[in-house]
1. Test of understanding: among B:108, B:122, which residue is within 21 Å of residue B:277 (Cβ to Cβ), more than 12 Å from ligand 1 (Cβ to nearest atom) and more than 13 Å from the chain's Cα centre (by Cα)?
2. Contact list please: Cβ distance under 6 Å, first residue in region A:149-178 and over 23 Å from residue A:108 (Cα atoms), second residue open to solvent by 50 Å² or more (accessible area, probe 1.4 Å) and part of a helix (DSSP H, G or I), pairs at least six apart or on different chains.
3. Failed condition for residue B:296, given (1) surrounded by 13 or more Cβ atoms within 10 Å (Cβ to Cβ); (2) closer than 22 Å to residue A:154 by Cα, with all others met?
4. Assess whether residue A:69 counts as being closer than 23 Å to residue A:249 by Cβ and facing another protein chain (nearest Cβ under 9 Å).
5. When the residues of region B:94-105 are narrowed to those that are surrounded by fewer than 16 Cβ atoms within 10 Å (Cβ to Cβ) and hydroxyl-bearing (Ser, Thr, Tyr), which ends up nearest to ligand 1 (Cβ to nearest atom)?
6. Within region B:31-65, how many residues are open to solvent by 10 Å² or more (accessible area, probe 1.4 Å), farther than 15 Å from residue B:78 by Cα and more than 7 Å from every other protein chain (Cβ to nearest Cβ)?
7. Report yes if residue B:174 is farther than 24 Å from residue B:281 by Cα, more than 14 Å from chain A (Cβ to nearest Cβ) and either away from ligand 1 (no atom under 16 Å from the Cβ) or not hydrophobic (A, V, I, L, M, F, W, C) (or both), otherwise no.
Amino acid sequence: MANQNLYNYILGIADNSLVLGQRLGELCGHGPSLETDIAGTNISLDLIGQTRSYFQYAAKVSGKELTEDDIAFLRLERDYRNVLLVEQPNTHFGYVIARQYLFDVFHLLFLNELQYSKDETLSAIAKKGIKEVSYHKRFSGDWIKRLGDGTEESHEKMQEAVDDLWRYTDELFEMSEDDQQMVSEGIGVDLPKLKESYYDEVSELLSEATLEIPERKYFSYGGKNGVHTEHMGYLLADLQYMQRTYPNMQW
Amino acid sequence: MSEKEVKNLEAIFEARIARDEKIEPKDWMPEKYRKTHIRQISQHAHSEIVGMLPEGNWISRAPSLRRKAALLAKVQDEAGHGLYLYSACETLGVSRDELYDQLHSGKAKYSSIFNYPTVTWADIGAIGWLVDGAAIINQVPLCNTSFGPYARAMVRVCKEESFHQRQGYEIMLTLCNGTEEQKAMAQDALNRWWWPSLMMLGPTDAESIHTEQSMKWKLKRKTNDELRQQFIDQTVPQADILGLTVPDPDLKWNEERGSYDFGEIDWDEFWQVVKGHGPCNKERMNARVGAWERGTWVRDAAMAYAEKQEEKKVSKAS
Ligand SMILES: [Fe+2]
Ligand SMILES: [Fe+2]
Ligand SMILES: [Fe+2]
């Protein structure tokens, strides 16, 4: 492949959107209210839309006869590069919101940088994504506040979710070899640079929501190298079901 | 109000409807009109949100990203339809929570078609093509119904339903132009969804209790049997284009009537499903009630938070 680093880099970004979009899609029709169902579906739809733009570009970059669907559906688990955070299950609505917010803050910081990428396609996708992700963050942030500062029960549940998912936050800033290479070419985003703003922003909102900021020294990593949590296989079983069962067909 | 005065108001009311004027929520209306509309509009709203379940069943397994996005958008539209219809109902003085209670307790009905399972991807195509197709036939006449909020909701809903119908048909077309396995999947879906779709247009006229009054109020413009005939006449040629066989050995073009003759509908099956004993009645209700109960703490939190914010505003102002 002419540009393996760029190809891998695009997949690394897109897999986060794909997997989070997939998780949200599972919830459709099963949420706490019609309004949250509509919002969740809407966010899922944005994320799947972004995924398509990235994969269409990756297919071009690959120089092979690949389609967006080949990339989305026909890889082995070890070849998905999403962070562990986004594959975590919809344990309860508090987890859905915590996962969303912890990712959205990163996602927006990330796209804000990616829009200045030397790569015009990535820059264009980022610019479009910024509008969408700003809305995602507003939605998830508002719910963190409602649940954190709502009732005693909701406060406990929200805190539980934040505590449990916190260990996946540091991975957001981990630099893979492809990340390094893309930063050096002026294409990729230097992730450690976003870290301070990220934790500042998240901490501020959690405090406003009367939640404790978890004090944790140990974090979990692996997704960016394709070593996922045990949840991932089941997610892929659903995602890939049709393409694996009926290979080489048009849908 | 004396009986005579009420009679007088009723006469004025009926005359307005006869002149094609819209009745708005603030207008005087007979109690029976209000009740009938709450029943029909809420039943329609419930159908939209229960209908999200069989289709939502395939979001995580949609066969391509494009189809996944389209299905998400469709199910989101259905949620939106539920939302406008509940709002239209609320203008008649009933809350959404009360309506949910009626659904969850089994008191309110929803379209029985959604008590059938979606077992293959082709079912998503068949639902769009047939179920949204039948819904349009039912609903287009309602764009001119007498109750303003319902009529306006229907204009918007119908536009989206016809988009869903085309999309569903396009899924079927893709399958039918595909491999043998895909075509078999499409035929199997048509076999399972055809009869329930015909039943969706309601019991036969002789059995239908509400028709006469509903006609007067423009809640209905054609009888169930007329709508069913229209659906069949419209859909059979579409099946022909797909190269699929409609699972009715008695189906035959009747030159004289300019319509298709068709076989007998199994009304026992229809009543079985309506009475709660279809293949998925229990699953659909469990899903709705489960989501509602699991969501209680979330809705309570939102309310508590809003109250706290309100208090803060008040104490700041004073
Ligand atoms: Fe609908
Ligand atoms: Fe409908
Ligand atoms: Fe629809």
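1. When all the criteria are applied, what remains is B:108.
2. Sorted first by the residue in region A:149-178, then by its partner, the pairs are A:151/B:300.
3. Result: residue B:296 fails condition (1) only.
4. yes
5. Residue satisfying both the conditions and the ranking: B:95.
6. 8
7. Taking the combined requirement at face value, the residue does not satisfy it.
A quick yes/no check of all residues on (1) at pLDDT 95 or above; (2) of a type outside the set (A, V, I, L, M, F, W, C):
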residue	(1), (2)
A:9	yes, yes
A:21	yes, yes
A:29	no, yes
A:38	yes, no
A:70	yes, yes
A:85	yes, no
A:90	yes, yes
A:98	yes, no
A:101	yes, yes
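The values are calculated or read from the model by the stated rules, or taken from the named source; none is laboratory data. Predicted, not measured: the structure shown is a model, and the values here were computed from it. Cβ coordinates were reconstructed from backbone atoms using ideal geometry, including for glycine residues, and neighbour counts include every protein chain displayed. Please note that ligands, DNA and RNA were not included when accessible areas were found on the heavy atoms of the full protein model with its side chains. Shrake-Rupley method; radii C 1.70, N 1.55, O 1.52, S 1.80 Å.
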